[in-house]
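All remarks here apply to the structure that follows.
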Amino acid sequence: MSEKIDIFQRMLAGGIIRNDEMGDAWQVVFRAQKLSPALNASTTIDEVRERLSEIIQSKIDKSTTIFIPFHTNFGRHITLGKNVFINHACTFLDLGGITIEDDVQIGPKVNLITENHPVDPAKRKYLDLKSILIKRNAWIGAGATILPGVTIGENSIVAAGAVVNKDVPANSIFGGIPAKFIKAIE
């Protein structure tokens, strides 16, 4: 198995990645940085889909809408379903993997963060990666931040401005800092 496949698989598996292990992954980061200005200068939704598809290396369905600006540091570990809506000024740090299922709505200025760092000062520059999964028909409110390792359940709502550090069960509303259960969706 080549180093390239190994590091990318390890990143998606989650856990600690040392700086000296990143190797080829940095080339993907630099590629995303190089392609992002063209994405954010797009003038049509088709152009946005085309340019973001190039960054994530997967075709985005015609039913999915992304408003610019859109920011990602890697791109390759983003999976977008059908009929997804992503509003302006969202940031997806996807080294650990972000999966967004069908019919998800994401408000403006939402942050999906799959990357953290160890508490130990000697290891602080290492990456601690955990994936994010947003299940079908979820709605993430404006300015919310979803932290590493979180799953947002089907049909659930994350209130505007929430900071989500634990899983949100299906059919529920969570809000606050840190996000807590507010009520069930009937």
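Listing for the model above:
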{"read-out": "Failed item, numbered, when ILE106 is tested on (1) closer than 19 Å to ILE78 by Cα; (2) of a type outside the set (Asp, Glu); (3) touching a Pro at 6+ places or on another chain (Cβ under 9 Å)", "value": "(3)"}
{"read-out": "Tally, over segment 33-80, of residues that are of a type in the set (Gly, Ala, Ser) and within 15 Å of GLY97 (Cα to Cα)", "value": "2"}
{"read-out": "ALA142 touching a Pro at 6+ places or on another chain (Cβ under 7 Å) and at positive phi", "value": "no"}
{"read-out": "Answer residue from segment 139-186, given it is surrounded by fewer than 19 Cβ atoms within 10 Å (Cβ to Cβ) and polar (S, T, N, Q) and is nearest to the chain's Cα centre (by Cα) among those", "value": "ASN165"}
{"read-out": "Subset of segment 11-24 [more than 17 Å from the chain's Cα centre (by Cα) and in a helix (DSSP H, G or I)]", "value": "ASN19, ASP20, GLU21, ASP24"}
{"read-out": "Of the criteria (1) farther than 18 Å from ILE113 by Cβ; (2) touching a residue at least 40 places away in the same chain (Cβ under 8 Å); (3) of a type in the set (S, T, N, Q), which one SER53 fails", "value": "(2)"}
{"read-out": "Qualifying residue in segment 43-58 (condition: outside any helix (DSSP H, G or I), more than 19 Å from the chain's Cα centre (by Cα) and among the hydrophobic types (A, V, I, L, M, F, W, C))", "value": "no"}
{"read-out": "Residue list for segment 135-186, restricted to those being under 21 Å from LYS82 (Cα atoms) and either touching a His at 6+ places or on another chain (Cβ under 9 Å) or among the small types (Gly, Ala, Ser) (or both)", "value": "ALA138, GLY141, ALA142, GLY153, SER156, ALA170"}
{"read-out": "Among the candidates PHE8, PHE30, residue that is among the aromatic types (Phe, Trp, Tyr), closer than 19 Å to GLY97 by Cα, in contact (Cβ under 8 Å) with a residue 60 or more places away in the chain and assigned to a helix (DSSP H, G or I)", "value": "PHE8"}
{"read-out": "Residue list for segment 128-138, filter: in contact with a strand residue (DSSP E or B) (Cβ under 9 Å, 6 or more places away or on another chain) and surrounded by fewer than 20 Cβ atoms within 10 Å (Cβ to Cβ)", "value": "ASP128, LYS130, LEU133, ASN137"}
{"read-out": "Residue in segment 81-94 that is buried (at least 20 other Cβ atoms within 10 Å of the Cβ), touching a strand residue (DSSP E or B) at 6+ places or on another chain (Cβ under 8 Å) and small (Gly, Ala, Ser) present", "value": "no"}
{"read-out": "Qualifying positions in segment 1-60 - within 17 Å of SER131 (Cβ to Cβ) and aliphatic (A, V, I, L, M)", "value": "ILE7, MET11, LEU12, ALA13, ILE16, ILE17, ALA25, VAL28, ILE56"}
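Readers should treat all values here as calculations from the given coordinates under stated rules, not as data from a laboratory. Computed from a predicted structure; not experimentally measured. Cβ atoms come from the backbone with ideal geometry, glycine included; neighbour counts cover every protein chain shown.
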